[in-house]
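The next block holds one structure in the form of structure tokens; read it before the comments.
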Amino acid sequence: MLKQYLQFKLSQKLSPQQIQLMKLIQLPTQAFEQRLKQELEENPALEGGKEENDSDYDSDLDNSDDINDNDSINAEDINVDEYLSDDEIPDYRTQANNYSADDEEKTMPYAAGTSFTQHLVNQLNTYRLSEEERDIAEFLVGSVDESGYIRRELSDIMDDLAFTQNVYTEEENIQKVLKIVHQLDPAGVGARNLQECLSIQLHRKDKTADTELAINIIDSAFDQFTKKHYKKLLQKFNITEEQLKDAIKEIEHLNPKPGGSYAGNNRIVEHVVPDFAIKIVDGELELTLNGRNAPELHVSREYNNMLKGYKESKDKSKSQKDAVVFIKQKLDAAKWFIEAIKQRQQTLFVTMSSIMHYQSEYFLTGDERNLKPMILKDIADEISMDVSTVSRVANSKYVDTPYGTKLIKEFFSESMKNDQGEDVSTREIKKILETVIEEENKKKPLTDETLASILKEKGYPIARRTVAKYREQLDIPVARLRKKI
């Protein structure tokens, strides 16, 4: 039996210009400057700087019969769902990146000119090695990861040497060459695990009672050390607490990631440029938008004059008509871009102004416990904008405050009820939790259950598992690993 169904679907469409505006709003200051530079290069009808008595091209030209409406470029509407989300943007799109390819090298310094691997290979040149040993050494160096470790089994390396380098050798030979790699700088490079990395560094240090004890702890009691079983260590080595403290200090000064300490890995040092600044003037909050977000732009007078010249011309050739279509498109694009930047400025300022007033108590005091619960919808409703627009501002912009430069999305948090039935920010609870842990007796750190009881006494009735979740989000280890002697 044949059945017919009538289905209605409501979908929102955005024009390409609206999508470009959304993308402009999402750009932080440095990326915006790069986008501006690109537009100035691509559109000759757009010029930077002020121009006195600016005037748009003659509006009569829009109605000229000499130009066919079909000559203009029409783009199909694009489904908004492909570009906008209902609430949060996925993490991979919200990582704030203030690096701009247009920056001068002095604002984006490279740490060094050679790679980490090349740095290690250069050191091998100072050792007398046979041809086979050099092949093995260079292969080992090439297997060192960014942290400075070789995390592969020697048997796997032996197989790879045979299949990829045509070097047939034994594990013993690889082990012998590995010891040479362990002599390279930075100390600890080429280690297979953390224990070996720390041991290599300690053996390089001048021999003192503290370093000798530290070596013994790492080499023969690493498990007890990592689990902070200090009583077992005191018994095992028959030492005093003071001696153990000094040995642990030696270990704490070591580098667990020797590869990360080498500047020659060409990592780019990112410089965060605040998009806004908040100051306290006479007890009142004052918001400013970074001036680099408000460039001076105008439509090219030369292109405007070209159109006027065409209008006044009696003989209009086909090539002239084609040129005018091109000029009109460029002028339209320039006018739209100038208007889009104005809209971007207004959107950024209105959004941040709303956030500032919503969290005024925090911005006046700097105390994170004064942060009110605030979600994207709170601000979106207040300024009558879409949640996705607020998300674009919050996830990619920084604000300079009297208490440091902050990523705006850090001011947003969910709410919980305290014992008085009032809504409090989860940020407030986390800050109190952090303070309690900072003030605890490190010889007897507080368990999650004890922390939950303390928070309950302070008026925040939350479960132990919630305490554990907040503690992990604050990157604070469990009680056992916070223990000190």
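Rounded to the nearest whole Hz, the Karplus-based 3J(HN,Hα) values (6.51 cos²θ - 1.76 cosθ + 1.60, θ = phi - 60°) of region 468-475 follow the sequence 4, 5, 5, 4, 5, 5, 7, 6, with x at glycine and proline. Spin-label model, residue 443/residue 183: points 7 Å from Cα along the beta carbon direction are separated by 4.6 nm. Residue-wise HN-Hα couplings along region 144-155, as the Karplus relation 6.51 cos²θ - 1.76 cosθ + 1.60 with θ = phi - 60° gives them from phi, are 6, 8, 4, 7, x, 9, 10, 9, 10, 5, 4, 5 Hz; Gly and Pro carry x. Relative contact order, whole percent, for region 115-230 stands at 21, derived from Cα pairs under 8 Å and 6 or more residues apart. Annotation for region 341-418: GluC sites (Glu not before Pro) lying in DSSP loop with at most 15 further Cβ atoms inside 10 Å of their Cβ are 414. The Cα atoms of region 325-388 give a gyration tensor whose axes a ≥ b ≥ c have a/c of 1.5 or more with a/b greater than b/c, which makes the shape prolate. The GluC sites (Glu not before Pro) of region 436-466 that meet both conditions, a loop assignment by DSSP and at most 16 other Cβ atoms within 10 Å of the site Cβ, are 439, 440. For the listed residue pairs 430/483; 227/257; 207/444; 236/484; 245/469; 231/458, the alpha carbons are over 27 angstrom apart in 207/444; 245/469; 231/458.
Qualifying chymotrypsin sites (Phe, Trp or Tyr not before Pro) in region 148-185, where qualification requires a DSSP coil assignment and no more than 14 other C-beta atoms within 10 Å, comprise 168. Rounded if a/c is under 1.5, else prolate if a/b is larger than b/c, else oblate: which is region 138-209, with a ≥ b ≥ c the root eigenvalues of its Cα gyration tensor? Judged from the Cα gyration tensor, region 138-209 comes out prolate (a/c at least 1.5, a/b above b/c).
Bear in mind these aren't lab numbers, they're just calculated from the coordinates by the rules spelled out. This one's a predicted model, so the numbers in the text were calculated from it and none came from an experiment. Positions of Cβ are generated from backbone atoms using ideal geometry, with glycine treated the same way; all protein chains shown enter the neighbour counts.
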